1. Taking the stated definitions as given, is residue 135 on the phi > 0 side of the Ramachandran plot and either surrounded by fewer than 20 Cβ atoms within 10 Å (Cβ to Cβ) or assigned to a loop (DSSP other than H, G, I, E, B) (or both)?
2. Take the conditions touching a strand residue (DSSP E or B) at 6+ places or on another chain (Cβ under 6 Å), touching a residue at least 24 places away in the same chain (Cβ under 8 Å) and crowded, with 21+ Cβ neighbours inside 10 Å and apply them to residue 76. Does it pass?
3. Just need a number here: residues in the stretch 83-129 that are in contact (Cβ under 8 Å) with a residue 12 or more places away in the chain and assigned to a strand (DSSP E or B).
4. Restricting the stretch 70-82 to residues that are outside any loop (DSSP other than H, G, I, E, B) and among the hydrophobic types (A, V, I, L, M, F, W, C), which is nearest to residue 135 (Cα to Cα)?
5. Could you tell me whether any residue of the stretch 110-127 is closer than 15 Å to residue 62 by Cβ and surrounded by fewer than 21 Cβ atoms within 10 Å (Cβ to Cβ)?
Amino acid sequence: MKKKKIVFILLFFSLFLCLFIFKNRDGGFFTKNEVSKTASTSASSPPSAQWAYSTNKIIVLEQPVANVNIKSNDIISGHAVGINNVAFVLSDDRNGVIDQGILNVSNGRFSGKLIFKSHGNLGTLQVYYPDPSNGSIQDTVTIDISYAK
């Protein structure tokens, strides 16, 4: 009986530790592939005239802005209205998808780091709202970008 108690306590502690490690500071949870997507919003956001808006204006992508060079560890950030998360897909012209993930929307804001290795020169960043029932794209913003070498 004592052995079962110890095993139960160890399992409970392990579960708690895993939840603690994968919990982001805004109160949402990430899957294993999304842990690297947390980041603070840059203090110097580009001017609003450079922001990109989704089809239905639910998502506003503040950074990166269209037609700029990006590199791994650059910030993706913006705001969204009435949704809990946004998904993104980063692609290059040589390998296709090189990064993707889901970012929590907290207090109308989302941000994360783009972690990738590109072998191409040009690409796109698509940010969209995935329908919770089936994952289909409900609203999207897509920008062209290039990769810093």
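1. Yes, satisfied.
2. yes
3. Residues meeting the conditions: 29.
4. Step one: of the stretch 70-82, the residues outside any loop (DSSP other than H, G, I, E, B) are 70, 75-80.
From the residues that got through so far, the ones that are among the hydrophobic types (A, V, I, L, M, F, W, C) too are 70, 75-76, 80.
Working: 70: 27, 75: 24, 76: 21, 80: 17 Å.
Restricting to residues being outside any loop (DSSP other than H, G, I, E, B) and among the hydrophobic types (A, V, I, L, M, F, W, C), the top hit is 80.
5. yes
The numbers here are math on the coordinates, done by the rules we state, and not lab data. What you see is a predicted model, and the numbers here were worked out from it, not measured in a lab. Don't worry about glycine lacking a Cβ; one is built from the backbone with ideal geometry, like all the others, and counts go over all protein chains shown.
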